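A quick write-up on the structure given underneath.
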Amino acid sequence: MTKSKVPHATRIVAHKIVAATAREPVCLSLIDELQKLRQSMRDREAGMQAELSRVSPKYRESARNLIHYLALRVHDLRTVQEQLAWLGLSSLGRSESHVLANLDKVLGILHCLTAQEWLDKSAEEPAGSVSSRRLLERHATDLLGTHPQGRQVRIMVTLPSGAATDYSIVRELVEAGMDIARINCAHDQAADWSAMATHVRHAAKAVQREVKILMDLGGPKIRTGEVVPRPAVLRMRPQRDEYGRPYKPYRLGIQSHSAPHGMPGVDGHIGVDDKWLSHLVAGSQIDFSDARGAKRHLLVVQCDAGGAIAESVQTAYLTPETLLTIHGAEGKKWRSTLPGQIEALPGVLNLHMGDVIRVTSDGLGNAAVVDDGVEVLTKEPAHIACTLPQVIDQVRVGERIWFDDGKIGGVIRNTTAEWLEVEITQAREGGEKLVGDKGINFPDSELDLPALTEKDLQDLAAVAKEADMVGLSFVQQADDVYLLREHLDRLARNDIGIVLKIETLKGFENLPELMLAAMSGGCAGVMIARGDLAVECGYERMAEVQEEILWCAEAAHMPVIWATQVLETLAKTGVPSRAEISDAGLGVRAECVMLNKGPYIADAIRTLDDILRRMGAHQTKKRSLLRALRSWRGKEASSRKPVHPPKGGSL
């Protein structure tokens, strides 16, 4: 008996019918799930009309989309995503910028697959896939300025203090590719900031392009107080080879005590009496007993109107009391004591695992006081003050404390009205050094700190005169943003942009509310300040946290500044690490990347510019761009005439 053959076309139709039959229950279930999800978005929007009423009209649609995104992310949608992907539909994984529009497109297709009528609901959608990109681009341009040709991401650079007096520093940064200059109001003075801003504007005019100015308020930053200085000692140590033989002498600059500090080509300098200095000539020998009583000599190798340079091939320690003797012709000698121009060394506390330190409300920090004898007993633990003493009344026993960007960790074991007693629970083997003006973080504590300190309010007057945007440091709640906006209105600068610096766990947790508050003004953005934020939320969470901030900001069509330790090793040493190059590449998902200052900062700018141009051809936000690749084209393709890639990459 011969089998009858089923026509090919019939088999195809049969397969389609079976496939459609299998899909239909999944489609119907998904329609039900997504309709509920859609309704939850509309309900949340209706419940937040009070917040929406305070939003500027230019941000109204962006605020609505943000609210829809928050409603979407309340649910665990992983099962729904798998089912949508099985059907070959959008799994909502890149819907941040146009949540409702993306959901409606999926619902429309599901209705078609199940032969149901679908009514167009685009009038209810705040933004679509195209209009959302335009909104983000417009908001980014309003805040950060126009992006350079061929690079979508701007580069921001923190200006060093020297930029106030040296125009060439700023000019070099602008020529290297700086688009935004950051002035940190936690350092220097109003006159310095004004001089920096003037130099930025002159440099921008010289290269004929726009360079914006961001001025960061210091904010309620908790820092360590000063530590009792160490003795004023200048250690002169020549460089030695593996056998201990000196191959490069220590070069000491000797100047008049009335001359400005500093001489080129020296390792250190001292100030001396004018008359004594006048006896120095090239070839003179200077004898002295150093701080340890060791007999030492210096040979003068250069002498001119600016002073003298002497060399030593022996290690020596100079103090302000060191007696220097010049041996002249015919046995003449001239003696001089250094007039106190050797600076005291900054105070340092050496802390080890298990040590106890007290964080006090005031006073100079000092090391532990111990008993002498065979058994060393601590009579008084080390102590150091904090710059915001009100936190002492707001923390609790058992809560964690971190010093110096997380290098030193501890737990609060006892509290009084004047101090916190902290047990050191994390420090490197061999101990860590703690000095003044280092950050203190309390990640477990509910701190009630002012959004704007008295200093911030004074600094705002200078900010209002010079800045295009202001950074709100350590912002934690919506009222902080509204308060800053009130002060800017009072200063007739309601046009100034506000950058929300997310540096604390509370600021991260309140990010949507902060964004809605920032949308009450003309332009706003978010800075991911990853240094303090990593300490607050834990380094193991940092990758997750920065992703969530990027998603939330994209939903609000709000530009992001990717900050803290980007290409830091390159900027400081001239040689980058592999890890920081990869990290810089991730910055392409933001609208701006911030570099900090360093001796090789111009090199860092140029490197970052190259990285961002290359990565910009491959990535935009969460979406991969399928630009043609040259690396794996195969022999046949390689034999054809090469297709030149767009400017900025050649992968």
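The values are calculated or read from the model by the stated rules, or taken from the named source; none is laboratory data. Everything quoted here is computed from the prediction, not taken from an experiment. Cβ placement follows ideal geometry from the backbone for every residue including glycine, while neighbour counts extend to all protein chains displayed.
The residues of the range 442-479 that are over 21 Å from the mean Cα position of the chain (by Cα) and either on the phi > 0 side of the Ramachandran plot or of a type in the set (D, E, K, R) (or both), listed by number, are Asp444, Glu446, Asp448, Glu454, Lys455, Asp459, Lys465, Glu466, Asp479. Regarding the range 296-305, can at least one residue be identified that is surrounded by 16 or more Cβ atoms within 10 Å (Cβ to Cβ), modelled with pLDDT of 90 or more and within 45 Å of the chain's Cα centre (by Cα)? Yes, some residue in the range 296-305 is surrounded by 16 or more Cβ atoms within 10 Å (Cβ to Cβ), modelled with pLDDT of 90 or more and within 45 Å of the chain's Cα centre (by Cα).
Looking at the range 98-109, which of its residues are buried (at least 22 other Cβ atoms within 10 Å of the Cβ) and out of contact with any Leu (no Cβ under 7 Å at 6 or more places or on another chain)? Residues satisfying the conditions are His98, Leu100, Ala101.
Comparison of Gly587, Gly574 shows that the only residue that is touching a Phe, Trp or Tyr at 6+ places or on another chain (Cβ under 6 Å) and surrounded by fewer than 23 Cβ atoms within 10 Å (Cβ to Cβ) is Gly574. I'd like to verify a number: residues in the range 237-265 that are under 14 Å from Leu298 (Cα atoms) and hydrophobic (A, V, I, L, M, F, W, C), how many? Summing the residues that are under 14 Å from Leu298 (Cα atoms) and hydrophobic (A, V, I, L, M, F, W, C) in the range 237-265 gives 2. Taking the stated definitions as given, is Asp456 crowded, with 17+ Cβ neighbours inside 10 Å and either without any contact (Cβ under 8 Å) to a residue 40 or more places away in the chain or in contact with a Pro (Cβ under 6 Å, 6 or more places away or on another chain) (or both)? Criteria not met by Asp456.
All told, Lys212 falls short of being within 24 Å of Thr146 (Cα to Cα), without any contact (Cβ under 8 Å) to a residue 24 or more places away in the chain and not assigned by TED's automatic domain parsing to the domain that holds Gly265. Of all residues in the range 67-91, those being surrounded by 12 or more Cβ atoms within 10 Å (Cβ to Cβ) and closer than 13 Å to Arg23 by Cα number 5.
Just one of the listed residues (Arg64, Arg154, Arg42) is in the same structural domain as Gly587 (by TED's automatic domain parsing), surrounded by 14 or more Cβ atoms within 10 Å (Cβ to Cβ) and at pLDDT 95 or above, namely Arg154.
Yes or no: the range 24-41 includes at least one residue that is polar (S, T, N, Q), free of Cβ contacts under 8 Å to residues at least 40 places away in the same chain, more than 25 Å from Leu514 (Cα to Cα) and touching a Leu at 6+ places or on another chain (Cβ under 8 Å). The answer is no; no qualifying residue exists. Could you tell me whether Lys205 is over 30 Å from Glu311 (Cβ atoms), basic (Lys, Arg) and touching a Gly at 6+ places or on another chain (Cβ under 9 Å)? The answer is no for Lys205. Every condition in (1) under 21 Å from Val174 (Cα atoms); (2) crowded, with 23+ Cβ neighbours inside 10 Å; (3) at pLDDT below 95 holds for Leu595 except the one numbered (3). Of the residues Val228, Val170, which single one is in contact (Cβ under 8 Å) with a residue 12 or more places away in the chain, on the phi < 0 side of the Ramachandran plot and surrounded by fewer than 22 Cβ atoms within 10 Å (Cβ to Cβ)? The match here is Val228. For the structure I just gave you, tell me whether Leu119 is in the same structural domain as Met41 (by TED's automatic domain parsing), in contact with a helix residue (DSSP H, G or I) (Cβ under 8 Å, 6 or more places away or on another chain) and not charged (D, E, K, R). Against the criterion (in the same structural domain as Met41 (by TED's automatic domain parsing), in contact with a helix residue (DSSP H, G or I) (Cβ under 8 Å, 6 or more places away or on another chain) and not charged (D, E, K, R)), Leu119 does not qualify. Determine whether the range 317-337 contains at least one residue that is part of a loop (DSSP other than H, G, I, E, B), surrounded by fewer than 18 Cβ atoms within 10 Å (Cβ to Cβ), at pLDDT 90 or above and of a type in the set (Gly, Ala, Ser). Scanning the range 317-337, I find no residue that is part of a loop (DSSP other than H, G, I, E, B), surrounded by fewer than 18 Cβ atoms within 10 Å (Cβ to Cβ), at pLDDT 90 or above and of a type in the set (Gly, Ala, Ser), so the answer is no.
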